[in-house]
């Protein structure tokens with residue numbers, strides 16, 4: 001410092017007391033320097049840095065980007081490979097998935113900082129396998145056993161269609177409406193009646209015809225001569241389970257009469273509103289579009305059905321079993337109720353308590369956005385489809401004895417939930433694009449959360 005002055009010189013500032021000179025005269029002293037920055041977070045690292053962000057990883061079965069992953073001899077199919085050299089022998093969630101227990105190495109990343117998959121970052125997002133605080137493990141075990149009993153009972157009436165039956169049970173317990181679409185004689189009505197029978201709920205059946213009127217469905221106000229008043233006589237829609245047989249044979253006027261009751265659980269007639277029972281389920285069957293005497297369901301009504309399920313023809317073994325039991329005229333009527341209304345409500349409460357992590361919600365959102373932005377899709381799914389995916393995945397997870405949702409649950413339900421809500425554009429139809437193939441392409445374009453399908 002110069003003698004006689006209190007102002008330090010530039011030389012004094014840039015030269016430390018130990019005599020070592022700084023190479024940059026413009027650098028500040030140590031006390032006023034900003035803290036040193038650490039390594040860039042995973043979201044901004046380049047692929048060559050050895051740490052790819054899991055949010056941008058694709059499962060081996062989803063997308064071409066999987067071919068660019070670093071090789072890993074310990075990888076297991078349906079799970080993304082790990083590129084962290086400190087953890088080359090452990091994949092998240094694989095050991096725990098087989099046993100159905102939570103595991104600490106099952107975190108999901110959403111582009112935040114920290115080493116992917118190490119579980120050491122305290123700011124990491126919520127774990128995908130974190131147990132729900134409002135559900136006991138015994139509840140999921142009871143749910144799984146009851147679900148299997150229902151599945152076995154319905155399979156006695158509908159032979160060889162276990163996956164379709166499981167999907168139908170999933171929609172019913174999730175509180176969604178079910179649409180069964182297939183050729184005549186494939187067992188649609190038998191499945192609908194068997195499902196209503198084993199649930200132990202009140203049910204009514206309506207055969208939809210071209211001359212059906214909305215009042216035949218909802219009810220009508222009848223004038224009483226003695227009192228001079230109108231009395232409302234409820235229609236068959238006032239029940240817990242409504243079996244709508246061949247729903248697309250009725251006129252659009254009758255089809256639109258179901259819009260309010262399917263969405264809001266109430267009926268408005270002559271200025272009065274009447275609430276429905278809880279639960280209220282619509283199990284509808286329809287013949288494929290284009291058959292003589294059918295009216296296509298409007299998009300607003302299709303969107304109200306949680307799942308659309310097709311049975312298809314029976315297998316060779318199932319056909320032999322049905323023919324050898326030809327003496328059985330009505331299989332569904334032989335079934336006994338497995339649960340009652342209280343038991344059904346308990347199943348719904350258990351399923352609603354199944355844990356969904358934040359990355360699961362993010363994954364569902366990206367699936368919906370990918371559908372809407374696809375060049376082959378003219379009309380994408382609404383947010384109601386996302387709600388159906390989440391609620392259905394909760395039931396599907398509980399039916400397998402888990403109290404948490406994994407991406408595999410969502411992918412299993414993707415086609416039944418999305419197919420009837422999506423409309424291909426003209427160019428895609430002219431090119432002969434298949435609706436289910438288009439959905440698969442959309443799924444492949446969306447990264448699966450860490451852990452792949454097993455999450």
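Residue 363 meets each of the listed conditions (1) outside any helix (DSSP H, G or I); (2) buried (at least 18 other Cβ atoms within 10 Å of the Cβ) apart from (1).
Going by what's in this entry, would residue 152 be described as out of contact with any helix residue (DSSP H, G or I) (no Cβ under 9 Å at 6 or more places or on another chain) and either in the same structural domain as residue 200 (by TED's automatic domain parsing) or at pLDDT 80 or above (or both)? When the stated conditions are applied, residue 152 passes them. Taking the stretch 407-431 only, how many residues are free of Cβ contacts under 8 Å to residues at least 12 places away in the same chain and closer than 14 Å to residue 381 by Cα? Qualifying residue count for the region: 0. Scoring residue 299 on the criteria (1) at pLDDT 90 or above; (2) surrounded by fewer than 17 Cβ atoms within 10 Å (Cβ to Cβ); (3) touching a strand residue (DSSP E or B) at 6+ places or on another chain (Cβ under 8 Å) leaves a single failure, condition (1). Of all residues in the stretch 208-226, which are farther than 13 Å from residue 251 by Cα and under 33 Å from the mean Cα position of the chain (by Cα)? Answer for the stretch 208-226, where residues must be farther than 13 Å from residue 251 by Cα and under 33 Å from the mean Cα position of the chain (by Cα): just 218. Scanning the stretch 262-274 finds one or more residues that are touching a residue at least 12 places away in the same chain (Cβ under 8 Å), surrounded by 19 or more Cβ atoms within 10 Å (Cβ to Cβ) and under 30 Å from the mean Cα position of the chain (by Cα). Within the stretch 381-433, the set of residues being touching a helix residue (DSSP H, G or I) at 6+ places or on another chain (Cβ under 8 Å) and part of a loop (DSSP other than H, G, I, E, B) comprises 381, 382, 400, 401, 402, 403, 405, 406, 422. From the list 237, 241, the one residue that fits, being touching a residue at least 24 places away in the same chain (Cβ under 8 Å), within 21 Å of residue 351 (Cβ to Cβ) and in contact with a helix residue (DSSP H, G or I) (Cβ under 7 Å, 6 or more places away or on another chain), is 241.
Within the span defined as the stretch 393-408, every residue fails to be surrounded by fewer than 16 Cβ atoms within 10 Å (Cβ to Cβ) and in contact with a strand residue (DSSP E or B) (Cβ under 9 Å, 6 or more places away or on another chain). Name the single residue, out of those in the stretch 164-205 being in a strand (DSSP E or B) and over 23 Å from the mean Cα position of the chain (by Cα), that is nearest to residue 311 (Cα to Cα). Within the stretch 164-205, the match that is nearest to residue 311 (Cα to Cα) is 205.
Among the residues making up the stretch 187-206, those that are surrounded by fewer than 21 Cβ atoms within 10 Å (Cβ to Cβ), out of contact with any helix residue (DSSP H, G or I) (no Cβ under 8 Å at 6 or more places or on another chain) and more than 15 Å from residue 258 (Cβ to Cβ) are 189, 202.
Each residue in the stretch 443-453 was checked for being more than 15 Å from the chain's Cα centre (by Cα) and either in a helix (DSSP H, G or I) or assigned by TED's automatic domain parsing to the domain that holds residue 167 (or both), and 2 of them qualify.
The values are calculated or read from the model by the stated rules, or taken from the named source; none is laboratory data. Every value quoted in this text rests on a predicted model; they were computed, and no experiment measured them. Please note: Cβ atoms are built from the backbone with ideal geometry, for glycine as well, and neighbour counts cover all protein chains shown.
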